[in-house]
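Some notes on the structure that comes next.
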Amino acid sequence: MHTSPLGELFAAWLYRRHSETFTVEHRVVHGEDDLERAGIHRRAAADPPAIVFLDISGYTRLTEELGDEASAAMPMRLATLVEDAASRYSGRTVKWIGDGVELYFRRPADAVRCSLELRDRIPEADLPGTHVGINAGPVVYENGDFYGRTVNIAARIAAHAEQGQVLVSEEVVSHGSSDDIRFRRVGPVSFKGVSRDVVIYEAERA
């Protein structure tokens, strides 16, 4: 198959960007593992940042049912809702990943409030439901992206959530308690690539 020079340049850039991302993530995560094995722990921040992963439930199936033209409009509607809600809760979009988005919030409580609002508003825009995972803790910022165990666990919590659920880690509960939010303990969950079980909770409006 013949590829244009522009296509070759784009492919090379994409490969290089992927390699850079993998290298940074590998270095950060394994660095944290080494510190943990040595008994060295980061000092917990008084109010650590939070990472949110929000995914559209059943996006691939809907794409097949609705066709490309109709399904292509869904990410645009989702982007409009996400950007609007995130800005009001002092959050920001980190990156879009397939049928979902990664978000950063300075305060865990704001991450939970925004996620619950998006969970409720997205069906009103004729979009399918969502499943959300939130974790709080130290992160490393490099090349316009966030890395570290906090990010990895947030992604795994989101993958574990069912449609309509906003699941959070124990760290979010510890730092995100508020009169307008309540948490129900779901239990410890074992995630691939995570050395310890993660205690997760389901967030709801109080």
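Residues in the range 116-126 that are more than 18 Å from R106 (Cβ to Cβ) and open to solvent by 10 Å² or more (accessible area, probe 1.4 Å): how many? Reasoning before the result, please.
Quick first cut of the range 116-126, residues more than 18 Å from R106 (Cβ to Cβ) only: 119-126.
If we keep only those that are open to solvent by 10 Å² or more (accessible area, probe 1.4 Å) as well, we get 119-121, 123-126.
Number satisfying all stated conditions: 7.
Please pick out the residue among A159, A155 that is under 30 Å from E64 (Cα atoms) and open to solvent by 70 Å² or more (accessible area, probe 1.4 Å).
A159
Please verify whether the range 123-131 includes one or more residues that are assigned to a strand (DSSP E or B), closer than 18 Å to R61 by Cβ and of a type outside the set (V, I, T).
Here is the first cut: in the range 123-131, the ones assigned to a strand (DSSP E or B) are 130-131.
Next, from what is left, pick out any that are closer than 18 Å to R61 by Cβ: 130-131.
Among the residues that remain, those that are also of a type outside the set (V, I, T) are: 131.
Scanning the range 123-131, I find at least one residue that is assigned to a strand (DSSP E or B), closer than 18 Å to R61 by Cβ and of a type outside the set (V, I, T), so the answer is yes.
Exactly one condition in (1) of a type in the set (D, E); (2) under 24 Å from I157 (Cβ atoms); (3) at pLDDT 55 or above is false for E8; which is it?
Tallying (1) of a type in the set (D, E); (2) under 24 Å from I157 (Cβ atoms); (3) at pLDDT 55 or above, E8 fails exactly one: (2).
Can you tell me how many residues within the range 162-206 are at pLDDT below 95, assigned to a loop (DSSP other than H, G, I, E, B) and of a type in the set (S, T, N, Q)?
Residues in the range 162-206 being at pLDDT below 95, assigned to a loop (DSSP other than H, G, I, E, B) and of a type in the set (S, T, N, Q): 3 in total.
Only residues that are free of Cβ contacts under 8 Å to residues at least 24 places away in the same chain and open to solvent by less than 30 Å² (accessible area, probe 1.4 Å): list them for the range 162-206, please.
G187
Between a residue in the range 120-131 that is on the phi < 0 side of the Ramachandran plot and any residue that is among the acidic types (D, E) and surrounded by 12 or more Cβ atoms within 10 Å (Cβ to Cβ), which pairs come within a Cβ distance under 8 Å, given they are 6 or more apart or on different chains?
Short answer, once both residue conditions are applied: T130/D55; H131/D55.
Considering only the range 50-69, I want to know if a residue exists there that is farther than 23 Å from E162 by Cα, open to solvent by 50 Å² or more (accessible area, probe 1.4 Å) and modelled with pLDDT under 75.
If we filter the range 50-69 for residues that are farther than 23 Å from E162 by Cα, which is where we start, we get 67-69.
When the remaining residues are screened for being open to solvent by 50 Å² or more (accessible area, probe 1.4 Å), the result is 68-69.
After this cut, where a residue has to be modelled with pLDDT under 75 as well, the list is 68-69.
Yes.
Can you tell me which residue in the range 91-114 is most open to solvent (accessible area, probe 1.4 Å), limited to those that are outside any loop (DSSP other than H, G, I, E, B) and among the basic types (K, R)?
Narrowing the range 91-114 to residues outside any loop (DSSP other than H, G, I, E, B): 91-97, 100-105, 108-114.
Now drop any that are not among the basic types (K, R), which leaves 92, 95, 113.
Numbers: R92: 103, K95: 71, R113: 61 Å².
That would be R92.
Modelled with pLDDT under 95, part of a helix (DSSP H, G or I), out of contact with any Gly (no Cβ under 7 Å at 6 or more places or on another chain) and open to solvent by 40 Å² or more (accessible area, probe 1.4 Å), is that true of R77?
yes
The values are calculated or read from the model by the stated rules, or taken from the named source; none is laboratory data. The structure displayed is predicted, hence computed values, not measured ones. Methodologically, a virtual Cβ is constructed for each residue, glycine included, from the backbone with ideal geometry; neighbour enumeration extends over all protein chains shown. Surface accessibility is based on the protein's heavy atoms, side chains included, excluding ligands, DNA and RNA. Shrake-Rupley method; radii C 1.70, N 1.55, O 1.52, S 1.80 Å.
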